[in-house]
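Trainee: Got a structure for you, questions after.
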Amino acid sequence: MTKSTTCRILFVAVLLTAMTSVLFGQEKPNVVLIYCDDLGYGDLSSYGATEIATRHIDKLTQNGTKYTNAHSTSATCTPSRYALMTGIYPWRKQGTGVLAGDAKLIVPTDKVTLPKVFKQAGYKTAIVGKWHLGLGGSVTKNWNQPIRPGPNEVGFDYSFIFPATADRVPTVFLENHSVIGLEAQDPIMVDYQKKIGQEPTGEENPELLKMQASPNHGHNNTIINGIGRIGFMTGGLQARWVDEEITPTFLTVAKNFLEESKEDPFFLFFSMTEPHVPRMPSTLFKGKSDLGYRGDAILQLDWTVGQILDKLETLGIAENTIIIFSSDNGPVLDDGYLDGAAKFKNVHKQSGPLRGGKYSIFEAGTRVPLVISGPQIPKNKTSDILVSQIDILASVAQLLNLPSPADARDSHPLATSLFGAAEIGRPYLIEHAGCLAILKDDWKYIEPSHRPAYNKLTDIELGNSTQPQLYNLQHDIGETKNIINEHPEIAKELQEILENEKLKK
Ligand code: NG6
Ligand code: CA
């Protein structure tokens, strides 16, 4: 073969490969959604933290757009995740509060979901990490058999999850429908009403704990890996996770998925457990921060994000991958264990300039970090448009040229902003933490509520008041001054929008 023929063949081969990648997939960006558990607005150095350096997430921030007015729908996990999956405000639906570890699936199997949108466009979909949206058709279930429905029935081709939270039983992983590592002769049983089996509980045998539970929080049921949990469990000794290995496990599984999916357009929901309690980072990270295990867990989270970014680079798909990084609700220091986090209350500002924290209707409950990077997304940009995680679903449909999903009626299509350079936010947003609040322009109205104003256990101001509240967030981001008496007309306008929203079915 002459040199020029070889060159021509090579040229045609390169051209064909390029055309194939344009036609079959590569023009569709991959999407990795990295979702943290209880990471606060002030927990990252790119969001102003001075006592901790989250350099991998900082790098992501430099490479993308950072949002300063982005929200989860709710101040706890299950409702925020319900909204993310369905595009429906969780307060419209009964039973979307924080779920027990044996709860049944609450995401409808016959409606649109975020992963189903991707599937409609031919994507491969996976969830790796925390689920907390229930499993199976009822509370009573046999954990030793395949459990359906779950993530695979609502749109994920592949799932590798733990059922609820790291502080709730069962402390096991499920791959698709089945618990991993189960031995037939040692079946698992779970109970949230009464003790089952002979295993020690935190309440009866606190001397066996490697981390003490905070008094009165209730993390004193079955002890697993030296940590008292919420709920009782027996059996499945070989299937139980070791807390220090949770994140390395999820990371390995996520990397494998990326490796296997590099030729397809894919959606990976990487749902991390940090810095939710119990904070038990891998030994490598213990003592790495100056902020105790909570800080160490954040450094582990940051490192893990770096590992995902590196993997995308190595696979040569970083350029064509959108990364969405956010958190399901605001921060908390003492959420059930005496891990020392509360000691750093006045050192590290986990809520940044915001008031409240997890569980709170004040801003720190739902205003969370949101960083998005990707092919069409401006780098090193800060945006203050109003956006919510509930908008991701409709925005993805818009990005992929699919019809707007009617079921997801609270989700706004903001693709030109979230995945592009536009600066268009949603007109208003409803916040949820037991009671409701509404954000519009610079204003925030919190409806009156008889719930407590303060939670002593977590030391968090919940923001509830029997009086209606109005704040101007432009001048008072810390919600220090209720100015409803000065602006009754604005309060009335916001209240009316809120009441109308509540009436929508
Ligand atoms: C609360 C738990 C808390 C945490 C939370 C769920 C008590 C007193 N506290 O009920 O420790 O597990 O539920 O957190 O039980 S979330 O981020 O998943 O919503
Ligand atoms: Ca959470």
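The values are calculated or read from the model by the stated rules, or taken from the named source; none is laboratory data. The structure displayed is predicted, hence computed values, not measured ones. Cβ sites come from the backbone with ideal geometry, for glycine too, and all protein chains shown count toward neighbours.
Trainee: Pull up segment 362-384, narrow it to residues that are out of contact with any Leu (no Cβ under 8 Å at 6 or more places or on another chain) and within 18 Å of Ser411 (Cα to Cα), then point me to the one that is nearest to ligand 2 (Cβ to nearest atom).
Mentor: Going through the qualifying residues, I end up with Thr366.
Trainee: Now, a different point. Mind checking which residues of segment 337-387 are surrounded by fewer than 22 Cβ atoms within 10 Å (Cβ to Cβ), assigned to a strand (DSSP E or B) and polar (S, T, N, Q)?
Mentor: Hits for segment 337-387 are Thr382, Ser383.
Trainee: For segment 159-197, what are the residues that are farther than 18 Å from Gly231 by Cα and hydroxyl-bearing (Ser, Thr, Tyr)?
Mentor: Correct list: Ser159, Ser178.
Trainee: Select, from Gly95, Gly48, the only residue that is at pLDDT 95 or above, exposed (fewer than 15 other Cβ atoms within 10 Å of the Cβ) and away from ligand 1 (no atom under 16 Å from the Cβ).
Mentor: Step by step, each of Gly95, Gly48 is checked, and only Gly48 is at pLDDT 95 or above, exposed (fewer than 15 other Cβ atoms within 10 Å of the Cβ) and away from ligand 1 (no atom under 16 Å from the Cβ).
Trainee: Within segment 167-189, how many residues turn out to be within 16 Å of ligand 2 (Cβ to nearest atom) and touching a Pro at 6+ places or on another chain (Cβ under 6 Å)?
Mentor: 1
Trainee: OK, next. Restricting to segment 158-181, name every residue that is surrounded by fewer than 20 Cβ atoms within 10 Å (Cβ to Cβ) and either at negative phi or outside any loop (DSSP other than H, G, I, E, B) (or both).
Mentor: Once the filter is applied, which keeps residues that are surrounded by fewer than 20 Cβ atoms within 10 Å (Cβ to Cβ) and either at negative phi or outside any loop (DSSP other than H, G, I, E, B) (or both), segment 158-181 yields Glu175, His177, Ser178, Ile180.
Trainee: Any residue at all in segment 219-230 that's of a type in the set (D, E, K, R), touching a residue at least 60 places away in the same chain (Cβ under 8 Å), touching a Pro at 6+ places or on another chain (Cβ under 8 Å) and within 29 Å of Leu284 (Cα to Cα)?
Mentor: There is no residue in segment 219-230 that is of a type in the set (D, E, K, R), touching a residue at least 60 places away in the same chain (Cβ under 8 Å), touching a Pro at 6+ places or on another chain (Cβ under 8 Å) and within 29 Å of Leu284 (Cα to Cα).
Trainee: Please verify whether Tyr359 is over 24 Å from Thr73 (Cβ atoms), within 16 Å of ligand 2 (Cβ to nearest atom) and in contact with a strand residue (DSSP E or B) (Cβ under 7 Å, 6 or more places away or on another chain), treating the condition exactly as stated.
Mentor: No.
Trainee: What residue, of Ser351, Ser373, Ser360, is more than 16 Å from ligand 1 (Cβ to nearest atom) and either assigned by TED's automatic domain parsing to the domain that holds Pro281 or within 14 Å of Ile460 (Cα to Cα) (or both)?
Mentor: Only one candidate passes the filter, namely Ser373.
Trainee: Condition first: away from ligand 2 (no atom under 16 Å from the Cβ), on the phi > 0 side of the Ramachandran plot, more than 15 Å from the chain's Cα centre (by Cα) and part of a loop (DSSP other than H, G, I, E, B). Can you find one or more residues in segment 44-67 that meet it?
Mentor: Yes, there is a match, as at least one residue in segment 44-67 is away from ligand 2 (no atom under 16 Å from the Cβ), on the phi > 0 side of the Ramachandran plot, more than 15 Å from the chain's Cα centre (by Cα) and part of a loop (DSSP other than H, G, I, E, B).
Trainee: Checking Arg294 against (1) crowded, with 24+ Cβ neighbours inside 10 Å; (2) assigned to a helix (DSSP H, G or I); (3) touching a Phe, Trp or Tyr at 6+ places or on another chain (Cβ under 7 Å), which test does it fail?
Mentor: (3)
Trainee: When both residues are 6+ apart or on different chains and their Cβ atoms are under 8 Å apart, which pairs have a first residue that lies in segment 477-505 and is within 10 Å of Tyr445 (Cα to Cα), and a second that is assigned to a helix (DSSP H, G or I)?
Mentor: These pairs meet every condition: Ile484/Ala491.
Trainee: Among the candidates Ile490, Ile392, Ile460, which residue alone is buried (at least 16 other Cβ atoms within 10 Å of the Cβ), of a type in the set (Val, Ile, Thr) and out of contact with any Phe, Trp or Tyr (no Cβ under 8 Å at 6 or more places or on another chain)?
Mentor: Exactly one residue qualifies, and that residue is Ile392.
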